[in-house]
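The block underneath contains the structure these notes are about, expressed in structure tokens.
The values are calculated or read from the model by the stated rules, or taken from the named source; none is laboratory data. The structure displayed is predicted, hence computed values, not measured ones. Backbone-built Cβ (ideal geometry, glycine too); neighbour counts: all protein chains shown.
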Amino acid sequence: MGRDFNATTSVIDCGSGSTLDNIWDGGGSVFVSFVCDSFGESPQGNYISKFAGSAGWAIQNDTDTGTTCEMNLFHDWSGNFFVWVTNTDPIIYGNVQTALILYNADAVGNNPTIYVDGVSHTVGSGLVESSTATGARVDDAANTLTIGALNTGPDRSFDGILRNAVIWNTILSANEASALNNGVNPFAIRPGNIVMNQPIWGNQSPEPDYSGNGNTGTESNTSKAINGNTELIENYL
């Protein structure tokens, strides 16, 4: 199960509830399981974003090779913006994969950790800071959180299957990152810190949010994913 995104018009709109505001403040974690079929809509497909105009954050594909690509975290600050990019092409088109992004935006000198399939990418070890910001982080409270596109337009739509979009208001540990990659249900990991938990089963719209915070997702132009590539994703039930 899951939802199949078409790289042009697909998106899940999760609204702008207060529990989704500035989730990186004090430290946050975002998890998604997926099958990426291609780079996505130009200039890059998006996994999960909270972005409007030129402000907010986004988890995106980066640097297409035709069969693989990198992943980046974009985060807007008052002086320019940050972009951190994996430099090892960890996204393999057609494969069942997981990603977990950990970041604390409390200080401009902080860097994220990006896990893909349980492998850690940090600055100096698989992660490059390709754009450097200054100043203070930009408030994203007014922005809508979207799954599978940069915004509700939608722009930069994902190509492939997305499943399990989960956000915590704390930074998970390396052991917890490993557990998620090995199929542990996200709701079993620090449930009191989960602000959004959408399994994305593809059975209904809005997609339910099991965090209790009402951050449900209204889909547009996706289809329920039913194919062999979703078999391993079912581990996250």
Inset, instruction - Name the one entry in VAL85, VAL138 that is β-branched (Val, Ile, Thr), under 17 Å from the mean Cα position of the chain (by Cα) and crowded, with 16+ Cβ neighbours inside 10 Å. - result: VAL85
Inset, instruction - Would you confirm whether any residue within the range 120-132 is free of Cβ contacts under 8 Å to residues at least 12 places away in the same chain and of a type in the set (Gly, Ala, Ser)? - result: yes
Inset, instruction - Run down ILE12, ILE59, ILE48 and say which single residue is in contact (Cβ under 8 Å) with a residue 60 or more places away in the chain and closer than 20 Å to ASN169 by Cβ. - result: ILE48
Inset, instruction - Just need a number here: residues in the range 1-50 that are assigned to a strand (DSSP E or B) and under 15 Å from ALA165 (Cβ atoms). - result: 20
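Yes/no matrix, rows are residues, columns are (1) without any contact (Cβ under 8 Å) to a residue 60 or more places away in the chain; (2) among the hydrophobic types (A, V, I, L, M, F, W, C); (3) under 23 Å from ILE12 (Cα atoms); (4) surrounded by fewer than 16 Cβ atoms within 10 Å (Cβ to Cβ):
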position: ALA165; (1), (2), (3), (4): no, yes, yes, no
position: SER173; (1), (2), (3), (4): yes, no, no, yes
position: GLY212; (1), (2), (3), (4): yes, no, yes, yes
position: THR216; (1), (2), (3), (4): no, no, yes, no
position: GLU219; (1), (2), (3), (4): no, no, yes, no
Inset, instruction - Among the residues of the range 155-207, write down those that are among the basic types (Lys, Arg) and touching an Asp or Glu at 6+ places or on another chain (Cβ under 6 Å). - result: ARG156
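One line per residue, one yes/no per condition, for (1) more than 17 Å from ASP209 (Cβ to Cβ); (2) among the basic types (Lys, Arg); (3) within 15 Å of the chain's Cα centre (by Cα):
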| site | (1), (2), (3) |
| --- | --- |
| ASN6 | yes, no, no |
| CYS14 | no, no, yes |
| GLY17 | no, no, no |
| ASN22 | yes, no, yes |
| ASP25 | yes, no, no |
| SER33 | no, no, yes |
| CYS36 | yes, no, yes |
Legend entry - Complete set of residues in the range 109-149 that are at pLDDT 95 or above, of a type in the set (Val, Ile, Thr) and part of a loop (DSSP other than H, G, I, E, B): THR132, THR144
Inset, instruction - Quick one: in the range 51-65, of everything that is in a loop (DSSP other than H, G, I, E, B) and of a type in the set (S, T, N, Q), which residue is surrounded by the most Cβ atoms within 10 Å (Cβ to Cβ)? - result: THR63
Legend entry - Count - residues of the range 92-117 that are within 15 Å of the chain's Cα centre (by Cα), over 21 Å from SER38 (Cα atoms) and of a type outside the set (S, T, N, Q): 3
Inset, instruction - Being touching a helix residue (DSSP H, G or I) at 6+ places or on another chain (Cβ under 8 Å) and under 22 Å from SER173 (Cα atoms) is the filter; apply it to the range 88-112 and report the residue that is surrounded by the fewest Cβ atoms within 10 Å (Cβ to Cβ). - result: THR98
